[in-house]
Amino acid sequence: MMARPILRGTVYLVGAGPGDPELITVRGLNLLRQADVVVHDRLVHPELLESASPRAHLIDVGKAPGRHTCSQDEINRILIQYARQGRAVVRLKGGDPFVFGRGGEECLALARAGVPYEVVPGISSAIAVPAYAGIPLTHRGVAGQFTVVTGHGGAVDWNSLPAEGTLVILMGVERLGEIAAALVERGRAAGTPVAVIFTGTTHAQHVVDGTLADIADRARGIAPPATIVVGPVAGLRAGIDWFDPSQLRPRTATLPGDAFSPLHQPVKVAA
Ligand SMILES: C[S@@+](CC[C@H](N)C(=O)[O-])C[C@H]1O[C@@H](n2cnc3c(N)ncnc32)[C@H](O)[C@@H]1O
């Protein structure tokens, strides 16, 4: 596949995917390889940065709780400054730039400055992290809809959420007890399955299972980044827990009777 060439004086907002460096899109990787400047977030996998050109200037503007490397205004200024110098700039953001990623704010700032930009969607942690934990967000007869919310601050009106279906909560692990209590108070059964997935899709993936009644106790000590899945689909994990983080590949015997064992053999891929 021919890579379209990168344009100078342009900013590319590229979704890096949720953690596993191979979950970036082909377009995103092609741009990363050609960029003069890469402005990246904290959650972007270091191996992905190794794909940047050796002559590229890498700038870490990552925000960690309690450690603000750069304000959003500073990030906007950096993007505009390098683009105006005629550089090809990749703004590499965790997951998808437009899912709790402040990508829209960066687009508006670039538009106001007259800087051309392109948005390259990424695979959001909201869908990929549950997938690597063996949780389909929808499942026939179990859940016909899913809702993605942030657990951060007071951004969500818990009363407005559907009483049925799957709830995916990003940035909520530090308020897990409060969130679980709010959901039970608004009608979700205390026995509803919940999974909390920490550093999903990577070597360090760790999953805590529980219910709305006990998940806060079970997941005590889990720090961000974590994705919370609430709903009956979280209970399907027991049968679909396919990903072995220690090997970064499918488990060899996931199902009773090892029903699909031929599919679990590593396959050589032609270069
Ligand atoms: C600021 S939001 C950015 C979301 C991102 N734009 C996306 O589409 O995935 C960061 C939150 O995403 C979730 N997250 C990101 N990477 C994750 C990972 N590898 N495992 C679990 N949750 C993750 C966590 O809830 C984290 O606090």
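The values are calculated or read from the model by the stated rules, or taken from the named source; none is laboratory data. Everything quoted here is computed from the prediction, not taken from an experiment. Glycine gets a Cβ as well: all are built from the backbone with ideal geometry, and neighbour counts include every protein chain shown. Surface accessibility is based on the protein's heavy atoms, side chains included, excluding ligands, DNA and RNA. Shrake-Rupley method; radii C 1.70, N 1.55, O 1.52, S 1.80 Å.
Per-residue answers, yes or no, for (1) of a type in the set (Asp, Glu); (2) open to solvent by less than 20 Å² (accessible area, probe 1.4 Å); (3) touching a Lys or Arg at 6+ places or on another chain (Cβ under 9 Å); (4) within 19 Å of residue 166 (Cα to Cα):
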{"position": "204", "(1), (2), (3), (4)": "no, no, no, no"}
{"position": "230", "(1), (2), (3), (4)": "no, yes, yes, yes"}
{"position": "237", "(1), (2), (3), (4)": "no, no, no, yes"}
{"position": "240", "(1), (2), (3), (4)": "no, no, no, yes"}
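Note on the range 72-104: residues that are of a type in the set (A, V, I, L, M, F, W, C) and away from the ligand (no atom under 16 Å from the Cβ) amount to 6. Against the conditions (1) under 30 Å from residue 85 (Cβ atoms); (2) not in a loop (DSSP other than H, G, I, E, B), where does residue 115 fall short? Just the number, please. The single condition residue 115 does not satisfy is (2).
Just to be sure, is residue 111 touching a Phe, Trp or Tyr at 6+ places or on another chain (Cβ under 8 Å) and within 23 Å of residue 21 (Cβ to Cβ)? So residue 111 does not fit the description; no. Residues in the range 132-142 that are open to solvent by 10 Å² or more (accessible area, probe 1.4 Å) and touching a Gly at 6+ places or on another chain (Cβ under 9 Å) were compared, and the one that is nearest to the ligand (Cβ to nearest atom) is 132. Within the bounds of the range 168-175, is there any residue that is on the phi < 0 side of the Ramachandran plot, free of Cβ contacts under 8 Å to residues at least 60 places away in the same chain and more than 10 Å from the ligand (Cβ to nearest atom)? Scanning the range 168-175, I find at least one residue that is on the phi < 0 side of the Ramachandran plot, free of Cβ contacts under 8 Å to residues at least 60 places away in the same chain and more than 10 Å from the ligand (Cβ to nearest atom), so the answer is yes. The single condition among (1) β-branched (Val, Ile, Thr); (2) more than 11 Å from the ligand (Cβ to nearest atom); (3) in contact with a Pro (Cβ under 7 Å, 6 or more places away or on another chain) that residue 129 does not satisfy is (2). Listed by position, the helices (runs of 4 or more DSSP H) enclosed by the range 1-111 that each have at least 1 residues that are over 17 Å from residue 128 (Cβ atoms) and of a type in the set (Ser, Thr, Tyr) are 72-84.
Against the condition β-branched (Val, Ile, Thr), more than 16 Å from the ligand (Cβ to nearest atom) and in contact with a strand residue (DSSP E or B) (Cβ under 6 Å, 6 or more places away or on another chain), how does residue 233 come out, does it pass? In short, yes. Is it the case that residue 117 is of a type outside the set (S, T, N, Q) and within 13 Å of the ligand (Cβ to nearest atom)? No, not satisfied.
Conditions (1) open to solvent by 60 Å² or more (accessible area, probe 1.4 Å); (2) at pLDDT 95 or above; (3) farther than 18 Å from residue 131 by Cα, marked per residue:
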site	(1), (2), (3)
157	yes, no, yes
160	yes, no, yes
164	yes, no, yes
168	no, yes, no
180	no, yes, yes
186	yes, no, yes
191	no, yes, yes
196	no, yes, no
207	no, yes, no
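Taking the conditions exactly as written (among the acidic types (Asp, Glu) and within 16 Å of the ligand (Cβ to nearest atom)), does residue 178 satisfy them or not? The answer is yes for residue 178.
Considering the range 214-228, the residues that are surrounded by fewer than 16 Cβ atoms within 10 Å (Cβ to Cβ) and small (Gly, Ala, Ser) include one that is nearest to residue 151 (Cα to Cα), namely 223.
Close Cβ contacts (under 7 Å, 6 or more residues apart or on different chains) running from residues in the range 5-31 that are touching a residue at least 24 places away in the same chain (Cβ under 8 Å) and of a type in the set (D, E, K, R) to residues that are within 16 Å of the ligand (Cβ to nearest atom) and open to solvent by 10 Å² or more (accessible area, probe 1.4 Å) comprise 20/202. Candidates in the range 35-50 are the residues that are more than 21 Å from residue 76 (Cα to Cα) and open to solvent by 40 Å² or more (accessible area, probe 1.4 Å); of these, the one that is nearest to the ligand (Cβ to nearest atom) is 45. Please state which of the following conditions residue 96 fails to meet, knowing it meets all the rest: (1) crowded, with 20+ Cβ neighbours inside 10 Å; (2) over 30 Å from residue 174 (Cα atoms); (3) within 23 Å of the chain's Cα centre (by Cα). Here residue 96 meets the rest and fails (2).
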